[in-house]
1. Below 8 Å, C-alpha to C-alpha, sequence gap of six or more: please give me the relative contact order for segment 51-157 in percent.
2. Quick check: Cα centre of segment 210-251 to Cα centre of segment 66-100, how many Å?
3. Which whole-number percent is the relative contact order of segment 4-248 (Cα, under 8 Å, 6+ apart)?
4. Taking a probe of 1.4 Å, how large is the accessible area per residue of the chain, in Å²?
5. Using unit Cβ charges (K, R positive; D, E negative) and no other charged atoms, how large, in debye to the nearest 20, is the dipole of the chain about its Cα centre?
6. Test of understanding: given the chain, find the longest segment containing no trypsin sites (Lys or Arg not before Pro) that are in a DSSP loop and have at most 15 other Cβ atoms within 10 Å.
7. With N set to the residue count of segment 85-202, report its C-alpha Rg divided by 2.2 N^0.38 Å to two decimal places.
8. Residue 1 to residue 162: extension gain in nm, 0.36 nm per residue of separation minus the Cα-Cα distance?
Amino acid sequence: MRRKIVAGNWKLNTTLQEGIKLASSVNDLVAKGLPENVDVIVAPPFTHLAGIKKVLTEKIGLAAQNCAAEPSGALTGEVSASMIRSAGAEYVIIGHSERRIYFNESDLEVAGKVKLALENDLKPIFCCGEKLHEREKLIYTEVIKKQLEYGLFDLDEEKLKNVIIAYEPVWAIGTGKNATSEQAQEMHQYIRHLVEEKYSTRTAEEQVILYGGSCKPSNAPELFANKDVDGGLIGGASLSAKDFYGIINSF
Ligand code: PGA
């Protein structure tokens, strides 16, 4: 049985002190109990990683929101995969649409980051998702296929096992307009089918695929009830420990 995952992406929010408070609140709620087979991850800003690592129990995983495309060097302001690992994180979000759109990250750059993450013992949370006009033009499956082929499918099967895929339609992120349960299931099934085509049925069955985009306690039960939806990557709602825990308990 595939593990379920609920990951909170805090984006550019919280000071260190606020972040530690939020992480502690999530800790306290998670200590009350977790649904069976569910893993919880939080992804605070880089500056908070080491500090938050100290307050998290082993029940909660730690992720960075991005990593540099190079291992080291003269790249002022960048943070490498090895630095992230040394701060105590086990995961890193890669290829989030906000990175692709606002920071012009290409599929090629994303693919390089995935490899660097894996080389540094970090599990990538690989994001893919189509824009609104691509959905309206009905080319969304092609868009996702290309993102996966260029960004991920260069990996060998063993390496892919350490990757979590997050399907996040850009039009649903931060808009309050989530994908319907049917839309999410259709795309998750499609992504699993692509993994099967490229690798194997077994790997496809084991592949964790998260949904992201305006997921909240009120819509999570319906979204997570789909057989190919293995949890969520949560933005806005992860900034409230109560809402985040509500989503976790949607399973
Ligand atoms: P949202 O963000 O939940 O605020 O829509 C999701 C994400 O960007 O991962």
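1. 25
2. Here the answer is 25 Å between Cα centres.
3. After rounding, I find 21 percent.
4. That works out to 46 Å² per residue.
5. So the magnitude is around 660 debye.
6. The answer is 60-136.
7. 1.05
8. Result: 56.4 nm gained on full extension.
The values are calculated or read from the model by the stated rules, or taken from the named source; none is laboratory data. Just so we're clear, the structure is a prediction, and the values are computed from it rather than from any experiment. Positions of Cβ are generated from backbone atoms using ideal geometry, with glycine treated the same way; all protein chains shown enter the neighbour counts. For the accessible areas, the whole protein counts, side chains as well, though only heavy atoms, and no ligand, DNA or RNA atoms are used. Shrake-Rupley method; radii C 1.70, N 1.55, O 1.52, S 1.80 Å.
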